[in-house]
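First comes the structure, then the notes that go with it.
The values are calculated or read from the model by the stated rules, or taken from the named source; none is laboratory data. In this text, all values refer to a predicted model and were calculated from it rather than measured experimentally. Positions of Cβ are backbone-derived with ideal geometry, glycine not excepted, and every protein chain shown enters the neighbour counts. SASA here: full protein model, heavy atoms, side chains in, ligands and nucleic acids out. Shrake-Rupley method; radii C 1.70, N 1.55, O 1.52, S 1.80 Å.
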Amino acid sequence: MTDPRALRGSATFPPEVIREIQRAADQGVYEIRGFGTKRKIPSFDDLLMLGASVSRYPLEGYREACDTSVMIGTRFAKKPIELKIPITVAGMSFGALGSHAKRSLGWAATEMGTSTTTGDGGMTDEEREASKTLVYQVLPSRYGMNPDDLRRADAIEVVVGQGAKPGGGGMLLGQKINERVAKMRDLPQGIDQRSASRHPDWTGPDDLEIKIHEIREITGWEKPIYVKVGATRTRFDTALAVKAGADAVVVDGMQGGTAATQDVFIEHVGIPTLPAVRQAVEALQELDMHRKVQLIVSGGIRSGADVAKALAMGADAVSIGSAAMVALGCNKPVYHEDYEALGTAPGFCHHCHTGRCPVGVTTQDPELEKRLPPEKGGRLMRNYLQTMVLELQTLARACGKSHVLNLEPQDMVALTVEAAAMAQVPLAGTDWVPGKNNY
Amino acid sequence: MKTNGYIEFDLDGEELSSVHARLHSVKQGDNERSFRIVNPRGKHAVAAGLNAPMDVRIDGHVGFYCGGMNKEADITINGQAGPGVGENMMSGLIRVCGNASQSAGATGRGGMLVIEGDASSRCGISMKGIDIVVGGSVGHMSCFMGQRGHLVVCGDAGHDLGDSLYEAQIFVRGSVDSLGADCVEKEMRPEHIETLKGLLARSGVNADPKEFRRYGSARKLYNFHIDNADAL
Ligand code: SF4
C-alpha cells in the first residue's frame, strides 16, 4: 500500500482543477452551470455590528417600534411603491424557475408586503396574480416583451447586467425549453438558446435616457423605473443610471446567481457585493441623490445580518434570489438519488441548467414540480422572509434605531483588512480605514 | 384642435405626455380615431405605446422609438425616423415615408413596418414575428438574431446579414455584402414567392417577387457542440 504521507497534492493542480481540464479535453466546450460564485470572497460576514453601549442606547425588543418600510420610486414616478420590508425578490425567469416556484415567491412576497420580479422570458398570468407588487424586467433579449405587461406592472426594471455575468447574455439550455417556454420566447422548442448581451435598440447612457423616457411615455409616467447593473465599475454605472433618469438603481454583486452561465464568467467577472454597495452609495452621495434615487443591493444576501449590513452601508433595500431558492428547498438533503443522477449531492448542486432540479424549483417537469406544492413553497418563503426581518430588527434595535434605514456605517467595524478597505469602515479595535487617515 | 375630420396636435406647443394621454385613451369603437401630429422636430417616443385602432399621421422628422410597442394603430411618418422606429411593435402598421435609422423594428412581435427609403444597421434586430418591408437598402447586421417574421429588402443588404439567425426569413432583391454566422441562402420555392407577393402587396411597395433571393438559418448554432473524446 502507498504510504499516504508520500502523496503530496499540488496547490496549482488540486483535484477540481484536474477534473476540469480533463472535462474540457473530453467535451471541447466550456462548463455551463447554475448558482453563483463558489470561491471565497470578502462579504458581509467580514463586518460586525456595534451594538449600543454607554455612548448609545438600544431600543427595547417588544415595546419600541422598529420600522422597516421603504418607498421606491419617489424621484419621478407618479405611483412610487411602498414596501413594508426592505427585502425584495430578485428577477428569476419563468423558464429558469418552474411555475410552482414563481407562485410560491409571489404569494410569500405579497403576504410580507414586498415585491417580486419577472425575468428573461416575460410575465406570466400566474405570477401577476400571485404578486401584489410585481416588477417587470426589460432585458436585452426582450423575450415575451409586451406593452400590456408593462402597463400591468407596478415597476419596471431595465436590466443592463447581472452580477453572475456582467457583460454576458442569457442562456437557457434546450432541455428546459418546453412548448410553453418556447412560445413565450418566440423560439423553436428544444434549442440551446443564447440571449443577447446588449440591448437591441440602445447603447450607452445617452440612449438609455431616451429608452427610459419612452417607457415613461408608454406607461404615463406612473411607474418607478429601475436600472439593474452587474457590479463592475459600480461608481460610474450608478452615476450614469442616475443621469439617465432612473428612479432606483439595482446593483448585483458577483455572488448573484444564475440559472445557466459559463463557469468562467461566474467565477472571474465582476466585483463582490461588499465594495459595490460602497461605490454605489458614494456615487449617489456625490450627486446628492442618496435616498432620492433608491439603491437596491443583491448578490449573496442570506440573512437578516446581511440585510442590516447592506442597509447600514447605505442601501435602501436588498434583493434575494439564490437564498429564496434555498428557502424553497434548493440543495436540501432529500431525494438523494436524484442529485446523484445529476452527478452531484445535496449542498453541492448547481445543476439548474439541466432542468432536472431534484426539489422541483428550477424545472419545467410536472412530476418534479409536484415536489414543491405552491402552498408549501409560499409558507417556506414567507417564514424565511419573516425570520430575516426579525433578525434585521433585532440588530437595528441593538444599535438604537427606530427605523432600519437609520443604520449607518458607524454602526459597523471590519474583521479583515480587505473588508475594511472595501467597506471603508475601521478594522475592529482600531480607527484604521485603509486608504484614509493618512494610511 | 379639430380640423378636416382629424384632431391635430402641435408639438411646438403641446407636451408629448399630454398628447399621449389623449392617444392612449382611444378605445376600440371610438368615433374620433384620426389624428395628426405636426412639428415633431426630432422628438423621441412620439406616438409610442398606442393601444387601439386609430390613424396617426406625423408630419416631420422623429427621433428615437417613434411608434414604439405599437398595438393596432396605423402610424404614418411623413419624414425620416430615428433609431428604433416601431421597436417591439405588436400589431398595426407603421409606415416611414423617408429613411429610418438603426434598429428599425427591433424585437417587433407582430404587425408591419414599411420603410419606403433606406434603413440603417440592425434593421429587424431580434425580430420576433413582425414583417418589415424596406423599399431601399439596409445596413450591416440586419436581422441579427431574428427569431420570427419576415424582412424584405428591395435594395441591397450590408455586411453580416442575418447573423445568429433563428427562424426569421429574409428576402433581398439586390446584393448582400456578406452573410452573418449561420445565415445561408435558401431555395426560393413557389410558396415563398407567394408569401413575398402577399408581403409586398400589404406594404404597397412595388417590386417583382421573382427578383428576390431568400436567406434563412442553417440551424447549426441551435445546439452546443459537445464532443465525447474520452469515450474513444
Ligand atoms: S437543487 Fe435545484 S435549484 Fe438548487 S442548485 Fe440544484 S437544480 Fe438548482
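Between a residue in the stretch B:73-92 that is within 10 Å of another protein chain (Cβ to nearest Cβ) and any residue that is of a type in the set (S, T, N, Q) and assigned to a loop (DSSP other than H, G, I, E, B), which pairs come within a Cβ distance under 6 Å, given they are 6 or more apart or on different chains?
So the pair list comes out as B:Gly82/B:Ser101; B:Pro83/B:Ser101; B:Pro83/B:Gln102; B:Pro83/B:Ser103; B:Gly84/B:Ser103; B:Asn88/B:Thr107; B:Met89/B:Asn70.
What single numbered condition from (1) near the ligand (Cβ under 10 Å from one of its atoms); (2) surrounded by fewer than 23 Cβ atoms within 10 Å (Cβ to Cβ) fails to hold for A:Gly400?
(1)
Could you grab me the full set of residues in the stretch A:345-369 that are in a helix (DSSP H, G or I) and within 11 Å of the ligand (Cβ to nearest atom)?
Of everything in the stretch A:345-369, those that are in a helix (DSSP H, G or I) and within 11 Å of the ligand (Cβ to nearest atom) turn out to be A:Cys352, A:His353, A:Thr354, A:Leu368.
Determine whether the stretch A:46-69 contains at least one residue that is in contact (Cβ under 8 Å) with a residue 40 or more places away in the chain, buried (at least 16 other Cβ atoms within 10 Å of the Cβ) and within 14 Å of chain B (Cβ to nearest Cβ).
Checked against the condition, which is being in contact (Cβ under 8 Å) with a residue 40 or more places away in the chain, buried (at least 16 other Cβ atoms within 10 Å of the Cβ) and within 14 Å of chain B (Cβ to nearest Cβ), the stretch A:46-69 yields no hits at all.
Here are some conditions: (1) assigned to a loop (DSSP other than H, G, I, E, B); (2) open to solvent by less than 20 Å² (accessible area, probe 1.4 Å); (3) within 12 Å of the ligand (Cβ to nearest atom). A:Gly314 meets all but one. Which one does it not meet?
It fails just one condition, (3).
What residue, of A:Asp237, A:Asp263, is surrounded by 24 or more Cβ atoms within 10 Å (Cβ to Cβ) and of a type in the set (Asp, Glu)?
A:Asp237
Okay, residues lined up against (1) in a helix (DSSP H, G or I); (2) in contact (Cβ under 8 Å) with a residue 40 or more places away in the chain; (3) surrounded by fewer than 24 Cβ atoms within 10 Å (Cβ to Cβ):
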residue	(1), (2), (3)
A:Val249	no, yes, no
A:Met254	no, yes, no
A:Ala259	no, yes, no
A:Arg278	yes, yes, yes
A:Glu340	yes, no, yes
A:Gly343	no, no, yes
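Among the residues of the stretch A:329-343, how many are near the ligand (Cβ under 8 Å from one of its atoms), more than 20 Å from A:Ala164 (Cα to Cα) and out of contact with any His (no Cβ under 6 Å at 6 or more places or on another chain)?
Final tally of qualifying residues: 3.
Test of understanding: among A:Gln279, A:Gln285, which residue is over 18 Å from the mean Cα position of the chain (by Cα) and over 28 Å from A:Ile177 (Cα atoms)?
A:Gln285
Would you check which residues across the stretch B:195-232 are open to solvent by 30 Å² or more (accessible area, probe 1.4 Å) and more than 14 Å from chain A (Cβ to nearest Cβ) and list them?
Across the stretch B:195-232, the qualifying residues are B:Thr195, B:Lys197, B:Gly198, B:Ala201, B:Arg202, B:Gly204, B:Asn206, B:Asp208, B:Lys210, B:Glu211, B:Arg213.
Table: residues versus (1) more than 16 Å from the ligand (Cβ to nearest atom); (2) assigned to a helix (DSSP H, G or I); (3) closer than 27 Å to A:Met112 by Cβ; (4) away from chain B (no Cβ under 14 Å).
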{"position": "A:Arg371", "(1), (2), (3), (4)": "no, no, yes, yes"}
{"position": "A:Leu380", "(1), (2), (3), (4)": "no, yes, yes, yes"}
{"position": "A:Asn383", "(1), (2), (3), (4)": "yes, yes, yes, yes"}
{"position": "A:Thr387", "(1), (2), (3), (4)": "yes, yes, yes, yes"}
{"position": "A:Glu391", "(1), (2), (3), (4)": "yes, yes, yes, yes"}
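Has the stretch B:34-44 got at least one residue that is crowded, with 24+ Cβ neighbours inside 10 Å and within 14 Å of chain A (Cβ to nearest Cβ)?
Yes, the stretch B:34-44 contains a residue that is crowded, with 24+ Cβ neighbours inside 10 Å and within 14 Å of chain A (Cβ to nearest Cβ).
In the stretch A:1-20, which residue that is assigned to a helix (DSSP H, G or I), among the aliphatic types (A, V, I, L, M) and more than 30 Å from the chain's Cα centre (by Cα) is surrounded by the fewest Cβ atoms within 10 Å (Cβ to Cβ)?
Among those residues, the one meeting the criterion is A:Ala6.
Can you name every one of the helices (runs of 4 or more DSSP H) wholly within the stretch A:89-186 that holds 2 or more residues which are within 14 Å of chain B (Cβ to nearest Cβ)?
Those helices (runs of 4 or more DSSP H) span A:147-152, A:179-185.
Based on what the data block shows, is A:Ile296 within 16 Å of the ligand (Cβ to nearest atom) and within 20 Å of the chain's Cα centre (by Cα)?
no
Can you name every residue in the stretch B:206-217 that is under 30 Å from A:Gly174 (Cβ atoms) and free of Cβ contacts under 8 Å to residues at least 40 places away in the same chain?
Across the stretch B:206-217, there are no qualifying residues.
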